[in-house]
Amino acid sequence: MMIEPTLLSQGGGPEPTHLILCGSLLLIIALAAIVLFLLRRQEQPWRVKAEAAIPRPAQPEEVSKVPRIKKGYASRAVGFTINLFSSFVAAIFAVLFFVSALLTLILFNVGRQLFDPDLYKRALVEQGVYEKFPALVADQMTFQLAYAEKRAGTDIENMTASPELEACLRGALGDEAFEAIAAFEREPDDAEIEGMKPCFAQYGETESDGGGGPPPGLATLTPADWEAILSHLIPSAWMQAQTESLIDQAFASLESDGPAPPITISLTALREHLAGGAAVEAFLQVVRARPPCNEEQLAALAIEPLGDLPTCRPPEAILDALAQEGGEILSEAILDIPDEVNLSKAFQGEGEPGAAQPSEGGGPFGNNPRQTLRWIRVGLNLSPLLPIVLLLLVTLFGVRSWRGWLSWWGALFFFVGFTGLGMALVVLPAMNWAIDAYVVGKLPPSISPDLAQVGLDVGRYIVRTLVTWIGGEAGVIALVGVALLLGLFFVRPKRK
């Protein structure tokens, strides 16, 4: 009978299956330790009892001493060899336990934390993503428009479209810079972009012919304007509810054994919010923050009132009329907003002719990635079994007394806990160094610094939570090891 991965699903707290598993393992360890100790305790007296049960003929004292001495030496040699071999095997299992326990400390927490949807919810809330969302999107939109404007007149994707264009670009950039930019190993800097524009103007097609871009009214919006618009249109409470719903649906899809359930976003509350006048309020707030209109601008508004977002502030009477007319147009558009959007169809291109369908076995998790991820999680949750088995083997081959048990277990627990705690303390500084050295400098230039910083902060929070659990558990293990070693002072060695 196969074990179902869903029996070890992640939840908000420990599940009964996990509690039963942990309790059973602890009971096995305790019983094994007691039985092994009692067996070891009987190891020495059996030879004396066996020798006493064998009848021996009476011999002179000086003659009988010789064989007993030889037999004693042989028995001691055999016992020494057995003890040496047992200690050597126990040492090997102890090294394996040390390595596997450190790996388990990491893997078990990875399975428990990274498969917990609440971790990602807390990360977004703690970093204030929902409150920062309007400002982040506004900054990204402005940054993206500026980036597109800077690259207008070039086409990086087609630098080798013709021999003439390639020769011109090589002459303007140099062979080394041309190869790096054409292979998308790095982005061109401002000077290189300016150097490429004449070549594209003469020999190639450019990304923009100068007639594209947003309408004049939208083009004049500042990041503060975009932030105000988005703050009115998208409530942070709705954004948080839908984001957390997406996280829950993604993990529920992982739990499902059947076909992947659809992942949807509900637009009902947003539609009601917009129908309540939020869109008109955003329009009025932006227009009222603009300078007053002159006669020429008022004449243009009279000809085409809602052809574009006004670039000036008309008189209040005209503005109210514009808001009323715009509200009627928006109301019709708002009614067309569906109750929900199926993101699964959007990502898979379902219903679109020629849309790419998922390939069979093309991903890193094979044909059924959800099944693979479930079994990976089961393996991570069961990873403590290996060090437990190795610890029992160390006890079997190495423990001879209570002091031996305290010494072996105490030393192993202390070194595992101390090493794990040191690893946890080093991870965060090492991660920050790696981000500064290998991530920050290689971020796409089309991503705004503020958006990239928030993304990195969310990632740091997730890693910090994981490291905190690892460090806390390692500290507990180290304290248990110290307590066992201190027990040596209360257990006297056995007298020979």
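Any read-out appearing in this document is the output of simple, stated calculations on the displayed coordinates, not a laboratory observation. Predicted model, so just to flag it, every value in this text is computed and none were measured. No Cβ is skipped: glycine too gets one built from the backbone with ideal geometry, and neighbour counts run over all protein chains shown.
The table that follows gives values for the structure above.
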item	result
Three-way shape label, region 153-207, alpha-carbon gyration tensor, a/c 1.5	rounded
Computed E for residue 450/residue 224 - FRET, C-beta separation, R0 22 angstrom, nearest 0.05	0.95
Candidates per trypsin sites (Lys or Arg not before Pro) in region 138-192, loop by DSSP, up to 15 other Cβ within 10 Å	186
Nitroxide proxy distance, nm - points 7 Å out along Cα→Cβ at residue 325 and residue 148	2.7 nm
